[in-house]
Each structure stands twice: as structure tokens, then as C-alpha cells.
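> Next up is a structure, given as C-alpha cells.
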Amino acid sequence: MASSAATLPSKMKAWTYLEYGKSSDVLKLQSDVVVPQPRDDQVLLQVVAAGINPIDFKRMLGMFKNSDSPLPIIPGYDVAGVVVKVGSQVKKFKEGDQVYGDINEKAMDHPTQFGTIAQYTVVAEKLLALKPKNLSFVEAASLPLVIETAYEGLERCHFSAGKSILVLGGAGGVGTMIIQVLNPSYYILIPSQLELMFILFILY
Ligand SMILES: NC(=O)c1ccc[n+]([C@@H]2O[C@H](COP(=O)([O-])OP(=O)(O)OC[C@H]3O[C@@H](n4cnc5c(N)ncnc54)[C@H](OP(=O)(O)O)[C@@H]3O)[C@@H](O)[C@H]2O)c1
């Protein structure tokens, strides 16, 4: 059950790293992390499900540390959860709303210190949408960053009706989304062995 603003704890559990490195070396479950407070344009979410993407381990390895936020860092970009507190300027959401989104507007330009692999996270109102009722929290949390990437990829290659596209890694997170937003007559899928098994499983 979601907390209300009146019953919010001051501390939470969160996966955190204090230095860059391999996750097995640096990632620790902390139980005394201060629950972040939303700014005027942000909401505080009780996290129900969070997604991990390749950028999380690349960030943890320090691959873009020059444009990262300061350590310690709670990883995680994708989230689905329940609004438990709203900032004074928030208009779209209220306590109790079920929402989902990618909490970082720019993936590699100072992504937030307070990621989604935690019991609570803060996020700007503009980066969230109401969770569709026909999606579970887990399903919703699996979507934001991969859909953004798929759309950005299609935009960058100026894809349009009548053109052909080659989708590599089609059974992966991004590839799956590209295939789903395209009309099947517009793509050719070159599957790896595991992907071929996945496709055969879906088809038969
Ligand atoms: N996830 C995001 O939101 C996001 C955002 C920006 C950029 N990216 C980048 O986009 C790429 C894909 O990300 P993802 O999240 O879709 O990863 P993913 O879920 O791990 O999918 C990777 C896909 O690539 C295939 N693959 C791996 N090595 C291959 C090889 N040597 N030859 C052919 N296929 C190979 C895998 O096939 P098998 O399953 O058969 O191994 C899998 O289908 C990564 O480089 C990632 O950094 C991702």
C-alpha cells in the first residue's frame, strides 16, 4: 500500500554506489538513505517497479563521469510507482496517482543522484505520465527509456513510409520497441540464435 505524505518515512532502502566500478564491487543495499524531498515542479514517488538499462552499468563504470552528478549515486532511470507527495507547482498529478516515466530528461548530462532503484524517488512532473490501466507496474517500468531510444533512432535516420530498415538486436529492449512501432512490412529482422528462438516461441 502506498504511503501518504503524512506517514512518509525519513529514511529508505536504496541500492547505492559511492565509487565507480563493477556492480559486484561497488553496488550496496543501504537501509538508511534519506528520502529525497520534491522541488516545486517535482513529485515524490513510492517506487513499485524500476527498470535497469545498459546506461546504468555504463554510468556505474564511470564511462561519463565528467558529466555525471556527484557520488554517491542511486542508479535507475525507469520507474513505475505511486505519487505520495507533490511540489507546490505540480498541476498534473495528485497523491495516489499511478504513474510511470524515465526520471532523467538528459541521459548523460547530469542524470539525477537519486535514481529509481530505491523505495522512493523524486521526478519532475513533466517527465511522468499516468500509467495505462492495462499495464502492470512492472510492464510500465520496462518501457520509458527503450521507447525514447527507439523513437530517437527512427527520427535520427529520418525513417518514413516506403523506406526499409534493418533491425539488429531485435529481441533486445530497444529492438523490441522498434519492431512494435513499425508496420511489419517495413522491417527486415536479422535474428541472433537466441532471438530466433524467441521469435519462433512468439509465432508458434
Ligand atoms: N536500453 C536503452 O534504453 C538504451 C538507450 C540508449 C542506448 N542503448 C544502447 O542500445 C543497445 C541495445 O540496448 P538494449 O537495451 O536493447 O540491450 P539488450 O536488451 O541487452 O539487447 C541487446 C540485443 O543485441 C543482441 N546482440 C548482442 N550482441 C550481439 C552480437 N554480437 N551480434 C548480434 N546481436 C547481438 C542481443 O541478442 P541475444 O539476446 O541473442 O544476446 C540482444 O537482442 C546497447 O548498446 C545500449 O547501450 C540502449
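Values quoted throughout were computed directly from the atomic coordinates according to the rules given, and no laboratory measurement underlies them. All of these numbers come straight from a predicted model, not from anything done at the bench. Virtual Cβ from ideal backbone geometry, glycine too; neighbours counted across all protein chains shown.
> With the contact rule set at Cα under 8 Å and sequence spacing of 6 or more, what percent relative contact order holds for the chain? Before the final figure, lay out the partial values.
On the way: 397 pairs, mean separation 39.6, N = 204.
So the answer I get is 19 percent.
> If you fit an axis through the alpha-carbon atoms of helix 193-203 and take the longest principal axis of the Cα set of the chain, what angle between them do you get, 0 to 90°, nearest 10?
90 degrees
> Something else about it: I'd like the antiparallel share, as a percent to the nearest 5, of DSSP beta bridges with both residues in the chain. Write out the running numbers ahead of the final one.
Working: 28 of 32 bridges.
Roughly 90 percent of the beta bridges in the chain run antiparallel, per DSSP.
> OK, next. Divide by every residue of the chain the summed helix terms, -39500 (n - 2.57) for each DSSP H run of at least 4, and state the resulting mean residue ellipticity at 222 nm, rounded to the nearest 500 deg cm²/dmol. All intermediate terms of the calculation are to be shown ahead of the outcome.
Working: 6 runs with 49 residues, N = 204.
That calculation yields -6500 deg cm²/dmol at 222 nm.
> Under 5 Å between amide H atoms, partner at least 5 residues away or on a different chain: which partners does residue 13 have, H built in plane at 1.01 Å?
Those qualifying (amide H under 5 Å, at least 5 residues apart or on another chain) are 119.
> Relative to the longest principal Cα axis of the chain, at what angle does helix 144-156 sit, 0 to 90 degrees, rounded to 10?
Orientation of helix 144-156: about 50 degrees from the principal axis.
> Could you give log10 I(q)/I(0) at q = 0.08, 0.13, 0.19 Å⁻¹ for the chain, computed by the Debye formula over C-alpha point scatterers of equal weight, without solvent?
For the chain at q = 0.08, 0.13, 0.19 Å⁻¹, log10 I(q)/I(0) is -0.32, -0.79, -1.31.
> Counting other Cβ atoms within 10 Å, keep those with at most 10, restrict to DSSP loop, and tell me which trypsin sites (Lys or Arg not before Pro) in segment 104-148 are left. List each step's numbers first, then the result.
Numbers: sites: 106, 126, 133; in loops: 106, 133.
When the trypsin sites (Lys or Arg not before Pro) of segment 104-148 are filtered for loop state and at most 10 Cβ neighbours within 10 Å, 106, 133 remain.
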